[in-house]
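A.B. asks: Let me begin by handing over the structure; questions about it come next.
The values are calculated or read from the model by the stated rules, or taken from the named source; none is laboratory data. Values in this document were obtained by computation on a predicted structure and should not be read as measured data. Cβ coordinates were reconstructed from backbone atoms using ideal geometry, including for glycine residues, and neighbour counts include every protein chain displayed. Remember, those area values only see protein heavy atoms, side chains included, never the ligands or the DNA or RNA. Shrake-Rupley method; radii C 1.70, N 1.55, O 1.52, S 1.80 Å.
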Number of protein chains: 4
Amino acid sequence: MSTSKTVLLTTTERSEALKSLQKWKPNAEETNISRRLKFQSFSEAWGFMSRVALRAERLNHHPEWKNVRPNGWKLLTQVYNRVDITLTTHSIRGLSRKDVTMAEFIDSISEHAEIATDENCGCS
Amino acid sequence: MSTSKTVLLTTTERSEALKSLQKWKPNAEETNISRRLKFQSFSEAWGFMSRVALRAERLNHHPEWKNVRPNGWKLLTQVYNRVDITLTTHSIRGLSRKDVTMAEFIDSISEHAEIATDENCGCS
Amino acid sequence: MSTSKTVLLTTTERSEALKSLQKWKPNAEETNISRRLKFQSFSEAWGFMSRVALRAERLNHHPEWKNVRPNGWKLLTQVYNRVDITLTTHSIRGLSRKDVTMAEFIDSISEHAEIATDENCGCS
Amino acid sequence: MSTSKTVLLTTTERSEALKSLQKWKPNAEETNISRRLKFQSFSEAWGFMSRVALRAERLNHHPEWKNVRPNGWKLLTQVYNRVDITLTTHSIRGLSRKDVTMAEFIDSISEHAEIATDENCGCS
């Protein structure tokens with residue numbers, strides 16, 4: 001859509017972005033960021049995903065994501081309320097302004113999604 | 001799914017249901033109920049609709065609904081944030097317990113949807 | 001997204017567009033076009049609507065639409081498989097290139113949606 | 001919904017099911033099955049996922065799934081058109097009739113989804 005080229009964040013920009021995106025975790029090389037969300041129900045998770053899909057189309061910038069049941073939950077709890085999201089800009093092999101915009105949007109529509117601190121995010 | 005037959009609410013049950021569903025308006029014959037919702041954005045409206053669609057499939061009971069821009073908004077405001085919903089049980093030509101269940105679900109996931117009191121709901 | 005202004009189609013452009021969009025019907029003033037679609041199931045209708053929602057966000061151009069059960073179907077057929085869509089460009093009170101783009105997209109993803117020739121489309 | 005208990009498929013039933021579900025691959029213990037799908041676009045993938053979500057709610061049986069861009073694609077091809085799905089019945093730690101029903105539904109609505117034979121499915 002935009003004619004401006006998508007470029008890598010500078011080291012300073014990336015450092016500031018990572019500081020403000022408290023709920024997101026970069027990989028070792030800081031070429032992507034990931035967040036794990038846990039909702040009350042599959043319904044709530046799906047309503048969230050439907051809004052992220054719209055935003056991704058608007059930005060032409062899509063996440064890699066999965067929707068699963070939480071690790072370590074009791075066997076009979078069949079609630080598929082977890083969403084793991086990884087953001088990166090493949091064309092430049094790293095983080096761009098679009099990843100920050102998408103992460104901020106995701107945070108803004110999921111205030112009530114509990115962060116599962118007891119579960120390491122090995123999103124991929 | 002259920003083997004129990006879907007039956008009309010009795011006059012007393014209907015009267016109680018209509019009293020508790022304050023945001024819903026019955027038609028003259030009280031064979032259906034309608035509600036108009038207004039969200040902050042199309043994104044929010046669509047997230048809502050996606051959850052209603054899931055619930056409708058679970059209950060095997062679907063609404064008649066439309067998604068439009070509000071009446072009377074200034075011409076340039078192109079926000080498609082309004083959802084009009086009508087609930088009825090066609091097979092019995094009136095209101096059943098399923099309509100109440102669906103109306104309660106809709107209310108529970110749309111607390112922040114402003115009721116447009118200045119717009120009459122001619123949902124159909 | 002785009003910086004180019006959205007403008008009305010000229011009379012010639014509108015005439016050509018209406019000729020190629022065989023499945024769409026303009027209103028008397030030719031300020032909007034409508035199409036009625038009928039799918040095999042609510043599931044199929046909803047898969048369609050989900051794709052139209054994405055496209056609308058990409059174009060920043062949303063339809064007015066409703067999802068209902070067909071008129072005149074036997075009482076017990078509770079299939080909410082009909083989608084009525086109206087396209088217009090509110091900011092210019094008429095048809096623009098965006099309406100044509102959206103109509104073409106809708107046609108391209110709904111080849112199997114039966115046209116209900118026995119039902120007049122009073123979509124709105 | 002149903003009052004019948006969800007039970008493991010017998011060895012014979014499982015063997016027959018796996019034979020008929022040609023596009024699905026069981027894990028070593030045959031406690032789950034996975035399929036990788038590749039669509040023409042994110043839009044098509046999302047329309048598919050929206051229908052699977054409805055069906056999962058109807059059956060009260062949800063997949064573990066992810067939506068990503070294909071492995072090994074050229075760097076600039078940013079098409080998030082791949083969906084990896086794993087089906088199992090957690091409450092019984094294995095495959096039940098519900099997994100077969102869901103797999104058959106997924107196959108029935110994705111006839112045109114190319115199977116990526118050059119990509120091993122390490123879905124999880």
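A.B. asks: Under the condition of being more than 9 Å from chain A (Cβ to nearest Cβ) and open to solvent by less than 50 Å² (accessible area, probe 1.4 Å), which residue from segment D:59-91 is modelled with the lowest pLDDT?
C.D. replies: The residue in question is D:P70.
A.B. asks: Let me ask something else about it. Regarding D:D107, is this residue in a helix (DSSP H, G or I) and modelled with pLDDT of 95 or more? So that I can check it myself, show each step before the final result.
C.D. replies: Numbers: in a helix (DSSP H, G or I): yes; modelled with pLDDT of 95 or more: yes.
So D:D107 fits the description; yes.
A.B. asks: Starting from residues that are β-branched (V, I, T) and over 29 Å from D:N81 (Cβ atoms), keep the ones in segment D:1-56 and report whichever is surrounded by the most Cβ atoms within 10 Å (Cβ to Cβ).
C.D. replies: It comes out as D:T6.
A.B. asks: Okay, next question. Hey, among A:S41, A:S34, A:S50, which residue is within 14 Å of chain B (Cβ to nearest Cβ), over 16 Å from A:T101 (Cβ atoms), touching a residue at least 12 places away in the same chain (Cβ under 8 Å) and small (G, A, S)?
C.D. replies: Working: A:S34 fails: within 14 Å of chain B (Cβ to nearest Cβ); A:S50 fails: touching a residue at least 12 places away in the same chain (Cβ under 8 Å).
Result: A:S41 is the single residue among A:S41, A:S34, A:S50 that is within 14 Å of chain B (Cβ to nearest Cβ), over 16 Å from A:T101 (Cβ atoms), touching a residue at least 12 places away in the same chain (Cβ under 8 Å) and small (G, A, S).
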